[in-house]
Amino acid sequence: MENVTPLTETCNPESAHLDEMTPLELVELMHREDFKAVSAVEASLPVVAAFIEAAAGALKSGGRLFYLGAGTSGRLGILDAAECPPTFGTDPDLVQGLIAGGAKAVTEAVEGAEDDREAAFKELQARGLTDSDVIVGITASGSTPFVAGALERLKSLPNITAAVFCNPEAAIKDLVRFPIALPVGPEVLSGSTRLKAGTATKLVLNMISTGIMVALGKCIGNFMVDMRASNAKLIKRQIRMAAALADVSEEEAESVLEKCHGNLRAALEILKKE
């Protein structure tokens, strides 16, 4: 156990009288503090970029990406993983989120689940962990046993590992190949890391999944060409993408897409030949 109080658990002097603020004063303060979440990401950008490159190489070799976390951190990992199939047309197994306490913990607190140091690694093994799999531990405090326990076990294995955490001096930085520290400072509501810590973490996860998918060839230009057009809005988006990429009318793009049963890449091959 680390004896130093995590930075995210300390009291923010700017919000010491939060209970006396007007709603406008409260939201103005939170808005100012949120800028710190964005700024906190900047120093770690070189590490995030290096991790994306390494992780993409592993996934090209047949690996998968796993996010590990508890509470808000676990939910953010699950959210990012869940967005990959519809956005990039990936198999649901390619990017997976593991949360302390299992599926129930996605919508409600499962007390004590994050204190199980063995649970995450056991779950990775149950999902057929291989040397090519990539693991990202997400923990605002940098000390969550559910996450740290798995990363300790993985340290002696060849897997590419990273940790996203908000206390720069946390010991977890020494357990992974790519430590991504996000020093957001104390929260407006003391200890409530769903706030700035959660915001900064979400920004980094956006970068990780998007960067890896771009490296895997899941877009053309800045278009998500492998997107699953599963509703009217997305079908219209797919038509616009096809029209723009093939430099044809939306009517022509729609006609060819229908013939290709919504396969945008197949439609583009036809459209570019016409």
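Structure notes:
- Among LEU245, VAL27, ALA103 the positive-end extreme of the charge dipole of the chain (Cβ point charges): LEU245
- For the chain, the relative contact order works out to 23 percent when only alpha carbon pairs closer than 8 Å and six or more residues apart are counted.
- Most tightly packed first, judged by the mean number of other beta-carbon atoms within 10 Å of their residues, the peptides 36-42, 196-202 read 196-202, 36-42.
- Length added when fully stretched, LYS272-SER192, from 0.36 nm per residue minus Cα-Cα: 23.6 nm
- Helix 196-215 vs. the chain, principal-axis angle (Cα, 0 to 90°, nearest 10): 30 degrees
- Test item: Cα-centred dipole of the range 173-240, Lys/Arg +1 and Asp/Glu -1 on Cβ, debye: 360 debye
- Mean Cα-pair separation over length for the range 58-189, i.e. relative contact order, pairs under 8 Å, 6 or more apart, %: 24 percent
- Within the chain, helix-based [θ] at 222 nm, where runs of 4 or more DSSP H residues each add -39,500 (n - 2.57), nearest 500: -15000 deg cm²/dmol
- Projected label distance in nm at ASP91 and LYS259, using a 7 Å step from Cα toward the beta-carbon: 3.2 nm
- Modelled spin-label separation between ALA215 and LYS155, with each label point placed 7 Å from Cα along the Cα-to-Cβ direction: 2.4 nm.
- Sites GLU83 and VAL38, calculated FRET efficiency, Cβ-Cβ separation with R0 22 Å, nearest 0.05: 0.60
- Trypsin sites (Lys or Arg not before Pro) restricted to DSSP loop in the range 121-160 with at most 14 other C-beta within 10 Å: ARG127, LYS155
- When you filter the GluC sites (Glu not before Pro) in the range 73-113 for DSSP loop state and at most 12 other Cβ atoms inside 10 Å of their Cβ, you are left with GLU108, GLU111.
- Fraction of antiparallel bridges per DSSP, the chain only, in percent to nearest 5: 5 percent
- Where only alpha carbons of the chain are counted, the Rg and the Dmax (Å): 21.1, 68
No value in this document is a laboratory result; all are computed from the given coordinates. Note that the structure is a prediction, hence the values are computed from the model and not measured. As a convention, Cβ positions derive from the backbone with ideal geometry for all residues, glycine included, and neighbour counts pool all protein chains shown.
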